[in-house]
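Only the coordinates and a few stated rules stand behind these numbers; no lab work does. In this text the structure is predicted, and so the values were computed from the model without any measurement. Note that we place each Cβ from the backbone using ideal geometry, even for glycine, and neighbour counts take in every protein chain shown.
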Amino acid sequence: MGYAVTTSTTHGPVMIDATAKQGQASALPERFVVAIDGQASTGKSSVGQKLARRLHAAFLDTGAMYRAVTALCIERGVSTGDDAAVLELARQADLSFDWSSFPPKLHAFGASISERLRSTAVDGQVSVVAAIGPVREFLVERQRWTTHQRPRLVTEGRDQGTVVFPDAMAKFFLVADPQERARRRCAQNPGADYDAILRNLIDRDRRDSSRAVGPMAVAPDAAVIDTTRMTEEEVVVHLETLVRAAAGRRVAREER
Ligand code: DC
């Protein structure tokens, strides 16, 4: 059975029957970027990973890079208010992804740091680190460089469609009601404090969208997907449909 979902773009809403369109799968180009941006805890990461698998693409979690720098600051006693020291630490850490695992593990100082990125302390300080202009410039360069290693890429963050990959083949911006996002986070972490999570989400969204450099923003050509009443599977199927349609348009353009 097909389901109809509404997607709004800056050109207005479009209705799509996801299952019907799936049958029209287009061949994917050798190189492409799919950019998924959006609010905290809208499922960008799990949706992005599943989409990457379906598209035989690599998955880049750019939030993990900002989280890694934050975790290192906390562990090494570097103040997140000292921009120069934070940048120096980010440089020294030599962040790199191990593409042999899926999702790829993030390495810092030669060892995996992926297990240390989700603490409450990191949640609380990461948007301060993400607002430091020179740190963003440094990490954005590394994100762009990824496409030399992985020519088919699904990437997620806050500025992927606007700043990092403005020419991405497909761009999405995921949103959901804050209460629903906090509920999903609590379901993943039984015993978590719903009110504290809700406050953190709202606070991070506010800081991420109001910073001067690379703020969270909807690219003019991004499809805005409200996932509040969608299952994860529905979101993945919908995004795959739109990516394959975009791939078809690109291939047709290149053949002309
Ligand atoms: O997606 P996440 O929750 O792991 O992101 C952690 C923080 O990093 C979040 O507060 C926003 C920031 N971030 C960013 O500023 N730019 C990105 N491309 C990715 C994440």
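Taking loop as defined by DSSP and a crowding limit of 12 other beta carbons within 10 Å, which GluC sites (Glu not before Pro) in the stretch 57-123 fit?
On the way: sites: Glu75, Glu88, Glu115; in loops: none.
Those that pass, being in a loop and sparsely packed, number zero.
Quick one: angle between helix 133-149 and the longest Cα principal axis of the chain, in degrees between 0 and 90, rounded to 10, please.
It is inclined by approximately 50 degrees.
Determine the calculated [θ] at 222 nm for the chain from helices alone, applying -39500 (n - 2.57) to every DSSP H run no shorter than 4 residues and normalising by the residue count; nearest 500 deg cm²/dmol. Show your work: numbers first, answer last.
Details: 9 runs with 122 residues, N = 256.
The per-residue figure over the chain is -15500 deg cm²/dmol.
Report the antiparallel proportion of the DSSP beta bridges in the chain as a percent, rounded to a multiple of 5.
40
Using 0.36 nm per residue, how much length does the chain from Ala187 to Glu115 gain when fully extended, once their Cα-Cα distance is taken away?
Using 0.36 nm per residue and subtracting the Cα-Cα distance, I get 24.0 nm.
Quick check: from the Cα gyration tensor, does the stretch 191-247 come out rounded (a/c under 1.5), prolate or oblate? Intermediate values should be presented prior to the final figure.
Values: a/c = 3.81, a/b = 1.35, b/c = 2.82.
The shape class here is oblate.
Say R0 is 30 Å: what FRET efficiency, to the nearest 0.05, do Ala27 and Ser96 get from their beta-carbon distance? Don't jump to the answer; show the numbers that get you there.
Values: r = 31 Å, r/R0 = 1.04.
Efficiency computed from Cβ-Cβ geometry: 0.45.
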